Every structure is written in C-alpha cells, then in structure tokens.
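Visitor: I am attaching a structure below and will ask some questions about it afterwards.
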Amino acid sequence: MFIIGHRGARALAPENTLLAVRTGMHCADFVEVDVRLSADGVPVIMHDETVNRTTNGTGPVHGYTLHDLKRLNAGEGEQIPTLEEVCHLVFEECGLVVEIKEPGSEAPVFTTLRRNPPRDLVIVSFHPESITAARARLPGVRTGIISSHPALDLPALAGNIGADMVLPKFDLVIPDLVRECRERGLLVIAWTLNTEDAFRRAQVLGIDGFATDDPCAAAHYFGRMS
C-alpha cells in the first residue's frame, strides 16, 4: 500500500515547503504537492488560491512574481518553493505526486517536469481537462482524477479520460467502488487518512494507497519504520 505525504508532511512541517517535502521523503513512498503559477508564470507550490492562510502575505498567488513570493514566510522561516526546487529535492529518492490546481496552467508545469523528471511521477487533478493535457504532453505519465462528490461516477470518468487511478475522499470509499475499480484496472488512492482506525479500514477495503498528513505515523503503523 502506497503512503503519500500530503502537502509534503503537513502535520510535521509547514505544508508545501521544502522542509515538509524533505520530512515526508523519509517516511513516504511519494510526496504530494499542489502547483499554481506566479504572476510571471513560474510553477510554485501552494494549495490555496491566496497566500493568506500559509504565509505572512495576503492576496492571490497569481498576483505575486516569484521574486515577491520568495520574500514571504511560509512558516518556520521557510520560503514558498518552486516546482523545480521540489523536483531537484526528490529526484531519485522519492516519488512525486503533482496536483494541478488550475486548468490552463499545465504548459509551464509540464515543461518543468520534462526538464527535471522525478524518479516516479504521478499527475493528479480535480479537473479532467488537466488529466487529458497531461496524457497528451507527458506520454507515459501516470494520472489520477480526484473527487469529493458522492454523486460522481469516478471509475467511469477515469475510464473516459484515460486516467490510471482514482483519488476519492476516504469517506466515499466503499467495497463496491474498490471492486469496480479493480474490474476497470484502476488504482484506488484515498485521502486524507490520519488515524490508526483509518489505516485499519484502508487495509480492510484493500485500497492501493492513501495520502496522509503524517506519513511517518503511517509508516510506523505499517511496520516500515522502527
């Protein structure tokens, strides 16, 4: 079962920073980061549309140049990293899951990933058009569609866009979903699991992996760390 460090390891370090990624790499099979574009078109790592929650700045990410984003404190003195910096950090040591937050931002993201290929790369998004773009621009890359909507037929959508995996919110994962995904050859990666009860349920359901804010706790639970 794959353990994915959510936003690096956001329970252990400021989310989506190099410190969080570095921390997650010690415990996880993959680290996951969220990508948006700066005002000057550089792919940077930030979950929210604005910098308000996670830095000492205010306003939308796309309102800042990279230079100005780098002047913000993202927690514990960390800077907002670029996607390129994250790729250099994980390189051959850990897999990387890149979530595309904004349709239309794909071209510079994919250019960065082609120039700095991680050991094992997965592109995921809530937006089907971003997955379609990834399959066209990064041949052979694994992709996954994310959803938190119970009414959405996620396996059918994944099949229609050629995704390799589905990433449902964990409370949407039921045996029938797992069974249908198996029949379609899709992996099931759930989010976000942070308790031992959730880890046990994941084992019972037989999912392929999960994102967690504390990948080291998950690794301890599954006996991967002493």
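Bear in mind that the values in this text are calculations on the coordinates, not laboratory data. Because the structure is a prediction, the values reported are computed rather than measured. Every residue, glycine among them, receives a Cβ derived from its backbone with ideal geometry; neighbour counts consider all protein chains shown.
Visitor: If you go through region 46-89, how many residues are within 27 Å of ASP120 (Cβ to Cβ) and among the polar types (S, T, N, Q)?
Guide: Summing the residues that are within 27 Å of ASP120 (Cβ to Cβ) and among the polar types (S, T, N, Q) in region 46-89 gives 3.
Visitor: While we're looking at this one, here's another question. Quick check on region 148-173: of everything there that is of a type in the set (Gly, Ala, Ser) and in contact with a strand residue (DSSP E or B) (Cβ under 9 Å, 6 or more places away or on another chain), which residue is nearest to TRP191 (Cα to Cα)? So that I can check it myself, show each step before the final result.
Guide: Of the residues in region 148-173, the ones of a type in the set (Gly, Ala, Ser) are 148, 151, 156, 158-159, 162-163.
This time we only want the ones that are in contact with a strand residue (DSSP E or B) (Cβ under 9 Å, 6 or more places away or on another chain), so: 148, 158, 162-163.
On the way: SER148: 9, ALA158: 17, GLY162: 21, ALA163: 17 Å.
Applying the filter and picking the extreme gives SER148.
Visitor: All but one of (1) in a helix (DSSP H, G or I); (2) in contact (Cβ under 8 Å) with a residue 40 or more places away in the chain; (3) not β-branched (Val, Ile, Thr) hold for ALA107; which doesn't?
Guide: (2)
Visitor: Do you know which of the residues in region 39-55 that are in contact with a Gly (Cβ under 9 Å, 6 or more places away or on another chain) and touching a residue at least 12 places away in the same chain (Cβ under 8 Å) is farthest from CYS94 (Cα to Cα)?
Guide: Filtering region 39-55 down to residues in contact with a Gly (Cβ under 9 Å, 6 or more places away or on another chain) leaves 39, 45, 50-52, 54-55.
Still in the running and touching a residue at least 12 places away in the same chain (Cβ under 8 Å): 39, 45, 51, 54-55.
Numbers: ALA39: 29, ILE45: 17, VAL51: 27, THR54: 25, THR55: 26 Å.
Only one residue tops the list, namely ALA39.
Visitor: Can you pull out every residue in region 110-123 that is surrounded by 23 or more Cβ atoms within 10 Å (Cβ to Cβ) and within 12 Å of GLU99 (Cα to Cα)?
Guide: Of all residues in region 110-123, those surrounded by 23 or more Cβ atoms within 10 Å (Cβ to Cβ) come to 113, 122-123.
Across region 110-123, the qualifying residues are VAL122, ILE123.
Visitor: Here's another thing I want to ask about it. How do the helices (runs of 4 or more DSSP H) wholly within region 1-97 filter down when requiring 2 or more residues that are buried (at least 18 other Cβ atoms within 10 Å of the Cβ): which remain?
Guide: On the way: elements: 18-25, 66-69, 83-90.
It comes to 18-25, 83-90.
Visitor: Please determine, by comparing only the residues of region 124-162 that are among the polar types (S, T, N, Q) and closer than 19 Å to HIS47 by Cβ, which one is surrounded by the fewest Cβ atoms within 10 Å (Cβ to Cβ).
Guide: Going residue by residue through region 124-162, those that are among the polar types (S, T, N, Q) are 125, 130, 132, 143, 147-148, 160.
Going one step further and asking which of them are closer than 19 Å to HIS47 by Cβ, we end up with 125, 130, 147-148.
Details: SER125: 26, SER130: 24, SER147: 17, SER148: 13.
Looking at residues that are among the polar types (S, T, N, Q) and closer than 19 Å to HIS47 by Cβ, I get SER148.
Visitor: Residues to consider are THR23, THR55, THR17; find the one that is touching a helix residue (DSSP H, G or I) at 6+ places or on another chain (Cβ under 8 Å) and of a type in the set (Ser, Thr, Tyr). Please lay out each step first, then the result.
Guide: Values: THR55 fails: touching a helix residue (DSSP H, G or I) at 6+ places or on another chain (Cβ under 8 Å); THR17 fails: touching a helix residue (DSSP H, G or I) at 6+ places or on another chain (Cβ under 8 Å).
Exactly one residue qualifies, and that residue is THR23.
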